[in-house]
Amino acid sequence: MLQMESRTHGFVSFARGKVCAAALAASLIASAGMMGCSGTASQEQAAQDAVTSVISELATESGTASELLSSVLFYPQDYGVGEDAFCEWYFDGADVEVSGVDVQGDSATVHVAFNAKRMAEVLPILEQARDQALADGADAMRDGYANARFAAAVTDARVDADRLEVAVPVTRGSDGTWAIDDRATLAAALLDGYDPRQISID
C-alpha cells in the first residue's frame, strides 16, 4: 500500500481505486484547511499539494501514472504488462514523505523522499513475464497479455528498494495555482533514476 507523509498531513495510506482516492482527497482538503490560508505557510502548503496530488493519483485510474511513465518513455506494455498492473505493484510500499518546502516568490522546491524499487531488478522480471506469456501462446496484440505472468512473478520476488530524495521544482501561475515544472524529472526519480530517454540504441 502506498503511503504518504508530510509535516502537516501525517501518513496517508491508500490502494489503487476510486473509493480510496476520494478518501485521500477528503483528507488532503481537511489537512489544508487546518493549515489556514495566510502567509508563507499557505503558499508552502499549496506548493506541496501540487506535488502530493500528482503522486497520490498514482493510486487511481486517472491517467496520471500513464502520463508520468510516458514522460520518460517507459511503457510497461512493451513487456505485455498493463500500466495499472505495473504501478499497483511498483508503487506499493513507496512510503512517500514531503521533508521540506522552500518558497521563493512564485517558485518553490518540494523535497520528497520515497522508497524506489531497483529498476535493475525490475526489468528482468518484466522481460521474464513477457517471454513466458508469449511462450504460453498469449496474443501479443492484447493489452496486458503478460499481466498474469507478471503477477505470479512478483508474488515471490525479492526486489530491493532504495530510500531516495528528489527536489521537485514547482511554479505558481498567474491564476495563483502551483504546478510541477517538469513531471519527467519526478517520474525518473520515482523509477529509481531509470530514464530510458538517456539510453541510446546503436
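The values are calculated or read from the model by the stated rules, or taken from the named source; none is laboratory data. Keep in mind the model is a prediction, meaning the values are calculated, not measured. Here the Cβ is made from the backbone with ideal geometry for all residues, glycine too, and neighbour counts use every protein chain on show. Remember, those area values only see protein heavy atoms, side chains included, never the ligands or the DNA or RNA. Shrake-Rupley method; radii C 1.70, N 1.55, O 1.52, S 1.80 Å.
Restricting region 40-86 to residues that are part of a helix (DSSP H, G or I) and touching an Asp or Glu at 6+ places or on another chain (Cβ under 6 Å), which is farthest from Asp195 (Cα to Cα)? Working first, answer last.
First, the residues of region 40-86 that are part of a helix (DSSP H, G or I): 40-59, 64-71, 76-79, 83-86.
Subset that is touching an Asp or Glu at 6+ places or on another chain (Cβ under 6 Å): 64-66, 76.
Numbers: Thr64: 18, Ala65: 15, Ser66: 15, Pro76: 13 Å.
Among residues in region 40-86 that are part of a helix (DSSP H, G or I) and touching an Asp or Glu at 6+ places or on another chain (Cβ under 6 Å), the one farthest from Asp195 (Cα to Cα) is Thr64.
Applying the criterion of being touching a helix residue (DSSP H, G or I) at 6+ places or on another chain (Cβ under 7 Å) and at negative phi to the residues of region 191-202, the residue that is most open to solvent (accessible area, probe 1.4 Å) is Tyr194.
Arg172 satisfies every condition listed in (1) modelled with pLDDT of 95 or more; (2) of a type in the set (Lys, Arg); (3) touching a helix residue (DSSP H, G or I) at 6+ places or on another chain (Cβ under 7 Å) except (3). Inside region 59-86, residues that are of a type outside the set (Asp, Glu) and within 21 Å of Asp49 (Cβ to Cβ) make up a count of 8.
Yes or no: region 155-172 includes at least one residue that is open to solvent by less than 60 Å² (accessible area, probe 1.4 Å), of a type in the set (A, V, I, L, M, F, W, C), closer than 25 Å to Gly93 by Cα and in a helix (DSSP H, G or I). The answer is no, given that none of the residues of region 155-172 is open to solvent by less than 60 Å² (accessible area, probe 1.4 Å), of a type in the set (A, V, I, L, M, F, W, C), closer than 25 Å to Gly93 by Cα and in a helix (DSSP H, G or I).
Scanning region 106-143 for residues that are open to solvent by less than 10 Å² (accessible area, probe 1.4 Å), assigned to a strand (DSSP E or B) and either more than 30 Å from Thr177 (Cβ to Cβ) or not hydrophobic (A, V, I, L, M, F, W, C) (or both) yields a total of 0. Yes or no: region 173-186 includes at least one residue that is open to solvent by 50 Å² or more (accessible area, probe 1.4 Å), acidic (Asp, Glu), assigned to a loop (DSSP other than H, G, I, E, B) and closer than 23 Å to Ala85 by Cα. No: region 173-186 contains no residue that is open to solvent by 50 Å² or more (accessible area, probe 1.4 Å), acidic (Asp, Glu), assigned to a loop (DSSP other than H, G, I, E, B) and closer than 23 Å to Ala85 by Cα. Candidates in region 92-105 are the residues that are touching a Phe, Trp or Tyr at 6+ places or on another chain (Cβ under 9 Å) and assigned to a loop (DSSP other than H, G, I, E, B); of these, the one that is surrounded by the most Cβ atoms within 10 Å (Cβ to Cβ) is Ala94. If a residue has to be open to solvent by less than 60 Å² (accessible area, probe 1.4 Å) and in contact with a Ser or Thr (Cβ under 8 Å, 6 or more places away or on another chain) to count, how many in region 57-91 make the cut? Residues meeting the conditions: 2.
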